[in-house]
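The values are calculated or read from the model by the stated rules, or taken from the named source; none is laboratory data. Values in this document were obtained by computation on a predicted structure and should not be read as measured data. Virtual Cβ from ideal backbone geometry, glycine too; neighbours counted across all protein chains shown. Note: accessible area is taken over every heavy atom of the protein model, side chains too, but ligands, DNA and RNA are not part of it. Shrake-Rupley method; radii C 1.70, N 1.55, O 1.52, S 1.80 Å.
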There are 2 protein chains.
Amino acid sequence: MHQINVGEDLRDRNREIAAENREMLRKNGVFSVNIMSAPGAGKTSLLVKSIPLLKDRYSIGVIEGDLQTTRDAERVGALGIDVHQIQTGGVCHLDAAMVHSALHQLDLASLDILLIENVGNLVCPAEFDLGVDARVMLLSITEGDDKPKKYPLMFSESRLLILNKIDLIEMVDFDIARARHEATDINPDIEIIELSCRTGSGIEAWTGWIEDLLLESGAG
Amino acid sequence: MHQINVGEDLRDRNREIAAENREMLRKNGVFSVNIMSAPGAGKTSLLVKSIPLLKDRYSIGVIEGDLQTTRDAERVGALGIDVHQIQTGGVCHLDAAMVHSALHQLDLASLDILLIENVGNLVCPAEFDLGVDARVMLLSITEGDDKPKKYPLMFSESRLLILNKIDLIEMVDFDIARARHEATDINPDIEIIELSCRTGSGIEAWTGWIEDLLLESGAG
């Protein structure tokens, strides 16, 4: 569980398998995203709200990481797309090897986009490259605007920060300007999208972001 | 970071140090609580709201666990009580050895109550006994009512479940009956308190719970 117990061997091995994953995805023209957040920030809701806007034009696969249950996979599978479940059995993050096994069970040649939902955890998932094109993190505004400096690795490793539950902005003490400032202080290149999975506001900014990167990557 | 990488040696060592912590606290008549939750569920706010209700009658010490910053310790220290900061340097939970070092720096003989705020993480902290009298977990209702079955170890290890941000109940899709049912399904003995750190509603139920256990334990 300790960062300090993750030996260099384990890190090296993860890096090797991540490179293999990256190559498999590239060869098959799949654009891939690793979605990370604290528990309950809305990763599954984001998938459920955005996949219907994309699935008529793109072939989408999902890998669902969970400690124990298959609940998220069932919610996403109800959209009629290909979902592969990884139950980590208590392990607090996905690693490249878990994703590698899943990649062998998906029909990659038929996919344009692969969305990976990581285990709900703002710490450990940031340390494990899965071999994807982009890492994305969700921060629910109910979690507080002090999170970037408290969990800096997650912010520095992410290409996009999604501020979710923006419909609750009047109900919570969250200073968007402060959060934006602290996030870009840690990662000057991070892009930021505000949205609400509940109301649907801002979802198109997220699906547009995926489409832009998909085109840019030459995948699809 | 893996559960499967925490060897039995590490577990045994943690158990030994936790037993030492328990003995130190018992000898000094200190009632102790380990407060755990996902990031942003309100652990620090709970301390900030409840300590003023207790500190005139009891001598209170706080240990603040954080990955990087001293922000939480500063917020709690502003209440004029003894706060010891543990910066884990990226480690995703507190362990018994970290707490042991802190115990040696606190004036235990003068304390009645020791409150330990763990790192924001719903997975790993549940695996490390710190040697305290009671483990408490906070679940913000904004995180969703599906959390007990998804993060069962945290619920099975906790004596008390606090449902926080209850003032937002009309704004989020959270079924209190479902959450209570699933939590007690995992841990039939778990007690449950609903409160809002923002409005202050229900805070006395939490401070009363501490006082009842303090008297019961014979500490103080």
Considering (1) open to solvent by less than 30 Å² (accessible area, probe 1.4 Å); (2) within 14 Å of chain A (Cβ to nearest Cβ), say which one B:Q85 fails and leave the rest. (1)
Tally the residues that are open to solvent by 10 Å² or more (accessible area, probe 1.4 Å), more than 12 Å from chain A (Cβ to nearest Cβ) and touching a Ser or Thr at 6+ places or on another chain (Cβ under 7 Å), restricting the search to region B:24-73. 2
Surrounded by fewer than 22 Cβ atoms within 10 Å (Cβ to Cβ) and under 30 Å from A:L153 (Cβ atoms): does that describe B:A18? yes
Within region B:112-220, strands (runs of 3 or more DSSP E) holding 2 or more residues that are crowded, with 20+ Cβ neighbours inside 10 Å, in contact (Cβ under 8 Å) with a residue 60 or more places away in the chain and in contact with a Ser or Thr (Cβ under 8 Å, 6 or more places away or on another chain): B:113-117, B:134-140
Can B:I176 be described as closer than 15 Å to B:L46 by Cβ and more than 9 Å from chain A (Cβ to nearest Cβ)? no
I'd like the full set of residues that are within 22 Å of A:S196 (Cβ to Cβ) and assigned to a loop (DSSP other than H, G, I, E, B), limited to region A:39-73. A:P39, A:G40, A:A41, A:G42, A:K55
Mind telling me which of the residues A:A109, A:A97 ends up being within 12 Å of chain B (Cβ to nearest Cβ), open to solvent by 10 Å² or more (accessible area, probe 1.4 Å) and hydrophobic (A, V, I, L, M, F, W, C)? A:A97
Taking B:V132 as meeting all but one of (1) out of contact with any Leu (no Cβ under 9 Å at 6 or more places or on another chain); (2) at negative phi, write down the number of the exception. (1)
